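The values are calculated or read from the model by the stated rules, or taken from the named source; none is laboratory data. Quick caveat: nothing in here was measured; it's all calculated off a predicted structure. All Cβ positions, even for glycine, are placed from backbone atoms using ideal geometry, and neighbour counts span all protein chains on display.
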Amino acid sequence: MRGLFGRDSAYLVVVASQAALAALSIPITTRLLGGRQFAVVTTSLAVMQVLVALGIFSLPMAIQRNYRDEDGGRDARRTVTLAMITAAITLVITYATGPLWAPALALGTFSPVLRYAVIWAAVTAVTFAGIALLRSRNMFRAYALISFVQSLLAEVVSVLLVVFVHRSAAEFILGEMLTQFVAVALVLYMIRPLPLRRRDRALVAKSLRYAGGLVPAAVASFLLTASDRIIIRHDLPILEVARYGAVYNIAAIPILLLGLLDPVWLPRFFKLDDPRLRAGLLADSRDMLLRLLIPTVVGLGFGIPLVLSVWVPGYYHPHELVIVVVTISAGAFPMAGYISANRVLLIAGRTAPVGLCMVVAALFNIATNIVLVPRMGIEGSALATSLSYVVLLALGVFFAHRIQRLRYPSAGLLLGCAAAIAVALSCAVLPWTGFFAVGRGVIAAGCVVLVLSLLRDVIREGSGRWPVRPIRRAARR
């Protein structure tokens, strides 16, 4: 537990900083580009994300699973080469067929901004494969450098192109693409991928078989997080797409951080051979995440109005977006339960159920959005997102418990999670000016202190408090 929430947290902070920087760029880009051009950026990012999921073929998980200290990571380095091949194939196909799929998806012509997004996706896929190997090697400084290049440096370059060249979505995406080339050059120099040989056919087959079950999950995960904007664009004015996209990056931060834990934590889980110890660690780490989420969601409920007042332009009507943020962030609770069940499947090599769970949840999200968005607007889309994570949790637990049963969270912990959601939602109707603004700020700061205190307790050496004791008992058994 100290390793997961201590040393591994450094990797999570690095990865999370990329999402934070993307969110921090929103106040700048929305004002520089305007609502219509920012909506184009949001749509291009959605295209890029789904192409990354296809191009990388979920091979980073296979890279980490194939990594062995004994052979110097040779199998993992060859799996990176395999990821480069799948990314190149995806690039060629999508670029050649761009004039066909762009109009079919109501994206207009295969414009320069979409071309940049396609190339950016292929280069990003290779970078993700490389940093998965860096994580398995525990090369933290190299990992941080690559993350810095494809986050902070990329945002700076994109904004500079918008300011000094042309205020358009194409210039913003071009900056991201150019900087990603720098990141991939650095990561390939650091890991030195090995060529695939004829005798590596068994390795290739094993890697593709393992990753193949995760590809539908990756694509469905994109649909789960991005299809709502497509439906909003179909049923509501384009400004609603921009409003929803502007706050989604903030609202989904807890969910995004939970999703980022897999590539950060899995190398440690893959090395555990004791099933009892692993089951105890999976359950206790899940409970710790739920405890951390309680003050996080409450603090978000109190503090988000203050953030939105400066985060988005006034014509976005930020006071109406508070309920959207809180509703989406509530989905972090079922997501925390799902990722523990999901790790059971990943460790066991049962990737097909992982894909099935995500596909069903994504289809549920699409159907619920179609029903709710015309009636409730973007608030309905936020509700559909959270309900989809509940479906994902139920399916994940069902399949995982057929392999290894994990201890359920206590009733008190579940009640605490429900209370946190209720408090956060009730905060949406409270005033956010004058004395109330000060009170909101104080309570939000207190929640941050509580989160840090919980982390300190679990990281502190020699702590006999939860959740260390259950793991020690499992180890003795």
Checked against (1) farther than 30 Å from HIS317 by Cα; (2) without any contact (Cβ under 8 Å) to a residue 40 or more places away in the chain, PRO409 satisfies every condition except (2)
Evaluate the following for ASN365: is it among the polar types (S, T, N, Q), surrounded by 24 or more Cβ atoms within 10 Å (Cβ to Cβ), closer than 19 Å to PRO409 by Cβ and modelled with pLDDT under 95?
no
Does ALA10 satisfy the condition of being surrounded by 21 or more Cβ atoms within 10 Å (Cβ to Cβ) and touching a helix residue (DSSP H, G or I) at 6+ places or on another chain (Cβ under 9 Å)?
no
Among the residues listed as SER158, SER151, SER168, the single one being among the hydroxyl-bearing types (Ser, Thr, Tyr), in the same structural domain as ASP200 (by TED's automatic domain parsing) and more than 23 Å from the chain's Cα centre (by Cα):
SER168
Can you give me the number of residues within the range 4-29 that are farther than 25 Å from GLU176 by Cα and either polar (S, T, N, Q) or at pLDDT below 80 (or both)?
3
Test set (1) assigned to a loop (DSSP other than H, G, I, E, B); (2) touching a Gly at 6+ places or on another chain (Cβ under 9 Å) - ARG402 fails condition number
(2)
Residue that is farthest from the chain's Cα centre (by Cα), among those in the range 222-247 that are at pLDDT below 85 and of a type in the set (Ser, Thr, Tyr):
SER227
Inside the range 241-284, can you point out the residues that are among the basic types (Lys, Arg) and more than 25 Å from PRO60 (Cβ to Cβ)?
ARG243, ARG276
Would it be correct to say that ILE294 is over 18 Å from the mean Cα position of the chain (by Cα) and crowded, with 21+ Cβ neighbours inside 10 Å?
yes
Does TYR408 fit the bill of being among the aromatic types (Phe, Trp, Tyr) and within 21 Å of the chain's Cα centre (by Cα)?
no
Being among the aliphatic types (A, V, I, L, M) and either over 16 Å from ALA117 (Cα atoms) or crowded, with 23+ Cβ neighbours inside 10 Å (or both) is the filter here, so list the residues in the range 163-176 that pass it.
VAL163, VAL165, ALA169, ILE173, LEU174
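Considering LEU214, LEU178, which residue is within 28 Å of THR43 (Cα to Cα) and modelled with pLDDT under 95?
LEU214
Looking at the range 240-260, can you tell me whether even one residue there is acidic (Asp, Glu) and under 30 Å from ARG405 (Cα atoms)? Give the derivation first.
Our first condition is that a residue be acidic (Asp, Glu); within the range 240-260, this holds for 240.
Applying the additional criterion that residues be under 30 Å from ARG405 (Cα atoms) yields none.
Checked the range 240-260: no residue is acidic (Asp, Glu) and under 30 Å from ARG405 (Cα atoms).
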In the range 31-69, anything crowded, with 23+ Cβ neighbours inside 10 Å and either assigned by TED's automatic domain parsing to the domain that holds ILE231 or outside any helix (DSSP H, G or I) (or both) is listed as PHE57, SER58, TYR67
ASP235 in contact with a Pro (Cβ under 8 Å, 6 or more places away or on another chain), of a type in the set (Asp, Glu) and closer than 30 Å to LEU387 by Cα
yes
